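Before any comments, here is the structure.
The values are calculated or read from the model by the stated rules, or taken from the named source; none is laboratory data. In this text the structure is predicted, and so the values were computed from the model without any measurement. Every residue, glycine among them, receives a Cβ derived from its backbone with ideal geometry; neighbour counts consider all protein chains shown.
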Amino acid sequence: MLIREAGLADIIGVDEICDASGRSRWSPNLLRVKQDRQVLVAEVEGKVIGVAKTHFHEDSGGDGPAGHYLGGIVVAREYRRQGVATALTKKRLDWIWSVAGTAYYFANEHNIASIRMHEGFGFRELGRFANIHGVTADDGQSYLILFEAHR
């Protein structure tokens, strides 16, 4: 498995993963290289099997502090529970640690697999909120849990 920076040419593979997972497609604009965020893909034999991103929030929003966040991650169903999400998360955290001492992440309270994986990277719960940086969970029916980790 190769983990690398995403590019516009990866949009077809990213769309296929999102469609198969029942997730919203990512805007091609998200795959453009920017100084304040990182977007990565995991690939096997030239096929995109996972995608993940970071976000930088200059200001606090909702109940989320300003800073660098691990953003969305989607892995093709047939590659789940094989370390793809962990590898993408480690690589994104390495990037955040190169520019900041604190990283944030939030998840739907029901996403136990994601919460457990991130705990392995030292993330600790800060609180539960209905809205973090404009994001809600389950149309406002569930809470988002905000986590923080330090380099």
Notebook entry, point to check: Arg92: modelled with pLDDT of 95 or more, of a type in the set (Lys, Arg) and over 20 Å from Gly127 (Cβ atoms), yes or no?
Noted result: yes
Item checked: One residue from Glu58, Glu125 being of a type in the set (D, E, K, R), more than 17 Å from Ser21 (Cα to Cα) and touching a residue at least 12 places away in the same chain (Cβ under 8 Å) -> Glu125
Checklist line | Residue in the range 124-149 that is surrounded by the most Cβ atoms within 10 Å (Cβ to Cβ), counting only those that are modelled with pLDDT under 95 and acidic (Asp, Glu) | finding: Asp138
Next item on the list: Just give me the residues in the range 17-46 being of a type in the set (S, T, N, Q) and outside any loop (DSSP other than H, G, I, E, B), in sequence order.
Entry: Ser21, Asn29
Margin query: Looking at the range 73-97, I want the residues that are over 24 Å from His150 (Cβ atoms) and have a partner that is at pLDDT below 95 and surrounded by fewer than 15 Cβ atoms within 10 Å (Cβ to Cβ) with Cβ atoms under 6 Å, at least 6 apart or on another chain. Which pairs are those?
Written below: Val74/Ser21; Val74/Arg23
Check: Condition test on Leu70, is it assigned to a helix (DSSP H, G or I), of a type in the set (A, V, I, L, M), under 13 Å from Ala149 (Cβ atoms) and at pLDDT 95 or above?
Finding: no
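Are any residues in the range 43-64 surrounded by 11 or more Cβ atoms within 10 Å (Cβ to Cβ) and over 13 Å from the mean Cα position of the chain (by Cα), and if so, which ones?
Glu43, Val44, Lys47, Val48, Ile49, His57, Ser60, Gly61, Gly62, Asp63, Gly64
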Item checked: Condition check for Val14: more than 27 Å from Gly122 (Cβ to Cβ), touching a strand residue (DSSP E or B) at 6+ places or on another chain (Cβ under 7 Å) and not in a loop (DSSP other than H, G, I, E, B) -> yes
Checklist line | Only one of Arg81, Arg92 that is assigned to a loop (DSSP other than H, G, I, E, B) and within 21 Å of Gly13 (Cβ to Cβ) | finding: Arg81
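Only one of these is within 18 Å of Ser21 (Cβ to Cβ) and touching a Lys or Arg at 6+ places or on another chain (Cβ under 9 Å): Val74, Val48. Name it. Don't jump to the end; show me each part of the working.
Details: Val48 fails: touching a Lys or Arg at 6+ places or on another chain (Cβ under 9 Å).
Step by step, each of Val74, Val48 is checked, and only Val74 is within 18 Å of Ser21 (Cβ to Cβ) and touching a Lys or Arg at 6+ places or on another chain (Cβ under 9 Å).
State which residue is surrounded by the fewest Cβ atoms within 10 Å (Cβ to Cβ) when the search covers only the range 89-118 and only residues that are over 14 Å from the mean Cα position of the chain (by Cα) and more than 18 Å from Tyr143 (Cα to Cα).
Among them, the one singled out is Ser98.
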Check: Only one of (1) touching a Cys at 6+ places or on another chain (Cβ under 7 Å); (2) loosely packed, with under 12 Cβ neighbours inside 10 Å fails for Trp26. Which number is that?
Finding: (2)
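Going by what's in this entry, would Val51 be described as touching a Phe, Trp or Tyr at 6+ places or on another chain (Cβ under 8 Å) and modelled with pLDDT of 90 or more?
When the stated conditions are applied, Val51 passes them.
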